[in-house]
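The values are calculated or read from the model by the stated rules, or taken from the named source; none is laboratory data. All of these numbers come straight from a predicted model, not from anything done at the bench. Reconstructed Cβ throughout: ideal geometry from the backbone, glycine too, with neighbour counts over all protein chains shown.
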Amino acid sequence: MDDVEITDVDDGGPQVEKRPLKNQDLSSLSVFVGELLSQYGWYLLVVTVLVYVLIQYLSKRRSSHNVRPHTDQDAALVARRQEAMEAARRKMQEELNAKAAIFREKQKQQEEEKRRQKIEIWESMQQGKSYKGSAKLSQTTEEASSSTTVLKPKTDKKPIRSSDYNPLSGEGGGSCSWRPGRRGPSSGG
């Protein structure tokens, strides 16, 4: 506080001089900024926000276009996944090959059985026997040997009715009885 002098007012002596404490260059700058903001403040705010949004958009776009370099760990992970997929594919192919081999074997057995049956039918026809009877016999023996199901013979038993049963009379305990047809015009035509 070297700039300030204190004097007694009653003395009539020198008056207190006050010097401005502010730098003149900064004060003119603050006045200029204040006037600029008061006139164009809203415009400056909108332009600032738009520039910020544009920068964010461009940075996201740039980062999405840039492919991040793969690290050694990522490469190892990808290699392990591919090896696992190849192993699974090989296993599935082996299972499929095994099933195909079993299917081919069954087909060969069926073809051999059909060929054997045809030979039996041809031999039975040469001997003068009926081929249908021998074919049925061979089929029944095959079915009996290949399956364990028990066949029940069909019974052709008819329900016993009384001698006075007449289906047209409506008597005799039948659930159906004769009814006259509909009246009205026929639907044909």
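Listed here are the residues, each with its yes/no results for (1) modelled with pLDDT under 70; (2) surrounded by 10 or more Cβ atoms within 10 Å (Cβ to Cβ).
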position	(1), (2)
MET1	yes, no
VAL9	yes, no
GLY12	yes, no
GLU17	yes, no
VAL31	no, yes
GLU35	no, yes
SER38	no, no
LEU54	no, yes
In the set ARG62, ARG81, ARG68, the lone residue that is among the charged types (D, E, K, R), at pLDDT below 80 and within 42 Å of the chain's Cα centre (by Cα) is ARG68
